[in-house]
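The values are calculated or read from the model by the stated rules, or taken from the named source; none is laboratory data. For clarity, every value in this text was computed on a predicted model and none was experimentally measured. So basically every Cβ, Gly included, is an ideal-geometry build from the backbone, and we count neighbours across all protein chains shown.
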Ligand code: ADP
Ligand code: ZN
Ligand code: ZN
């Protein structure tokens, strides 16, 4: 037992233990080897990070050297190739950058089953014949489509330059086809090469999987996302790690996939907020993809019709004046088949009769589409029947007793549900406060909209004389395994005339027969306190519009054209002017000017310190003490600290939440400062200021403020 092995482990959060613990072993271990080691009374999975010869040190305590006795490594999982240096570097970088422990990131990046299987079980699992390396040239495949001129241009630039690239392509411009071609060229050129393709939502993976599978053969493609079972995830992971999977498709977690021959990373819909993990280690998979690409010499292509302002700012046009951005912008402004982007129609809700939910003009337009057999999509970003249930007599409202939020009325199962803490009760028969039996829903969610549309179109007939079919897709309708796939399939099969849903249906899907999209209540985001709200809203509306009129041949056959309807009380808002022209660059230019003037991202870098406590005072006291303690840190003059404030939803599940924003013009200065701050925060937790604090966390590059 002459070797000390430092092992990265998942230790309890905020524990006093380091995240790399030392064990002993008879032989050194290659860095990246998976091991099982004792931790407390358990035996856990770890990753060997370094080995050093301790022959001369004596063997721990018996030798009287003062070093505590090291425990031996329990088992070495030598059936599995060690995790490579590039992977370990990625993990170490992510831990450093997002202020988390190395062990936490390393272990979270491995499939759960790898952690849970005993050594014997794992050995048995690994003995199963490995999937043979897939040859992307075998078998019956879909042929690649001949590229449009814009696609061919983009691809030629992609092949000729090192990148990174921002594929700025309109909705329906055929970005996926560009990814497919880029992957095909890579696999044809390099027999070992692997590609990673990321999408923001699990529900986008099946369609993508089908497209990649039919192009490259199902054996060459594996998926990695949280909707898979643990055995499926392990199988995909092993296949990527062993090199058999040439293409890995996945959600943000896939950025940590072990891929020894990674040469290409695609981040589709790169603007999407779900690339940012919102709990635990709050990493941005898009930003890590860029880092990983640079580290491993893999080309990175970000794609979007509405890039994040960060990515837009970082990119330079492919032609003309070089504005100095590091990423090359590849523009594909036209839709495939030269079909026009939808005409945007604003309905001024100030001119409608009071309490109008759906304007007559919009209903008429949807009615006409139904009569022609076309599909419409009505989009409302709020699920449930009504956001509040209220008593008109005494003013009682369906507040959640545990949160500073209302419970949402779900009519289907007659419940009041808190969307923050999950607290659910049957709807009371009468007002709990005054006994009035007439409690009424206030406002509207997708359930109520679906019901209302059903009533409104009751008399309208489809071309064959049959009644209208209305469907709803949201987090409630898709809870069951496979429900979303089957609901989407019925939309694709033309079994639905009007689809109601939340933003789930606004993103990415390649619907072929939808010709009208309507956003019925989007105003909320216009005046949000979050400076990213306009950017989000613009992207969401443009993406929603992007679901309409995607099939040139269908539109021509129908003699129809695509429309995007927006009901708003603020038709003069400049955001809508840019949206009407589908002019993302104009919108982005205006926003960037404001951000620059106000010194906000991407012109500054931010982090949030958040504290959760039993009382708001305790949470804020912790943050303010943390701020005061940081005065003496070197480089403090480079970092602006704002006062502690409550979160917009201040209390969730009886926990009070507060946050403090820190900001710097220099990313490096902020990083140095955060690293120096971290030990102070850990120490403070044990001081009087830490009393009553349940947890705290640092969110680097936060996406919502
Ligand atoms: P985006 O991701 O840019 O919104 P997609 O990649 O989904 O667009 O492409 C939109 C549609 O156009 C898809 O149905 C796709 O099959 C089709 N398409 C893409 N490229 C071509 C092409 N070169 N020729 C014919 N059809 C294409
Ligand atoms: Zn009442
Ligand atoms: Zn609640």
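For the range 242-258, how many residues meet the condition of being assigned to a loop (DSSP other than H, G, I, E, B) and over 23 Å from the mean Cα position of the chain (by Cα)?
Total satisfying the criteria: 4.
Can you say whether residue 120 is at pLDDT below 90 and in the same structural domain as residue 36 (by TED's automatic domain parsing), as far as the supplied structure shows?
When the stated conditions are applied, residue 120 passes them.
Suppose we keep only residues that are part of a helix (DSSP H, G or I) and touching a strand residue (DSSP E or B) at 6+ places or on another chain (Cβ under 9 Å) within the range 581-602. Which one would you say is surrounded by the most Cβ atoms within 10 Å (Cβ to Cβ)?
584
Residue-by-condition table, conditions (1) in contact with a strand residue (DSSP E or B) (Cβ under 9 Å, 6 or more places away or on another chain); (2) assigned to a strand (DSSP E or B); (3) within 16 Å of ligand 3 (Cβ to nearest atom):
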| site | (1), (2), (3) |
| --- | --- |
| 240 | yes, no, no |
| 260 | yes, no, no |
| 266 | yes, yes, no |
| 270 | yes, no, no |
| 280 | yes, no, no |
| 291 | no, no, no |
| 311 | yes, no, no |
| 325 | yes, no, no |
| 353 | no, no, no |
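Is it the case that some residue within the range 328-348 is surrounded by fewer than 19 Cβ atoms within 10 Å (Cβ to Cβ), touching a strand residue (DSSP E or B) at 6+ places or on another chain (Cβ under 9 Å) and free of Cβ contacts under 8 Å to residues at least 12 places away in the same chain?
No; the residues of the range 328-348 include none that is surrounded by fewer than 19 Cβ atoms within 10 Å (Cβ to Cβ), touching a strand residue (DSSP E or B) at 6+ places or on another chain (Cβ under 9 Å) and free of Cβ contacts under 8 Å to residues at least 12 places away in the same chain.
Could you check the range 349-383 and list, in sequence order, the residues that are touching a residue at least 60 places away in the same chain (Cβ under 8 Å) and on the phi > 0 side of the Ramachandran plot?
373
Yes/no per residue for (1) closer than 27 Å to residue 602 by Cβ; (2) assigned to a strand (DSSP E or B); (3) more than 16 Å from ligand 1 (Cβ to nearest atom):
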| position | (1), (2), (3) |
| --- | --- |
| 651 | no, yes, yes |
| 656 | no, yes, yes |
| 660 | yes, yes, yes |
| 663 | yes, yes, yes |
| 670 | yes, no, yes |
| 673 | yes, no, yes |
| 680 | no, no, yes |
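Just to be sure I understand, how many residues within the range 1-58 are surrounded by 18 or more Cβ atoms within 10 Å (Cβ to Cβ) and at pLDDT below 85?
So the count comes out to 2.
Just to be sure before I move on: is residue 166 within 15 Å of ligand 1 (Cβ to nearest atom), in contact with a strand residue (DSSP E or B) (Cβ under 8 Å, 6 or more places away or on another chain) and either farther than 25 Å from residue 333 by Cβ or outside the structural domain of residue 544 (by TED's automatic domain parsing) (or both) in the structure I sent?
yes
Please work out which residue is farthest from ligand 3 (Cβ to nearest atom), limiting yourself to the range 195-222 and to residues that are closer than 25 Å to residue 276 by Cα and in a loop (DSSP other than H, G, I, E, B).
Going through the qualifying residues, I end up with 199.
Might you let me know whether the range 365-384 holds any residue that is in the same structural domain as residue 290 (by TED's automatic domain parsing), touching a strand residue (DSSP E or B) at 6+ places or on another chain (Cβ under 8 Å), at pLDDT 95 or above and not in a loop (DSSP other than H, G, I, E, B)?
no
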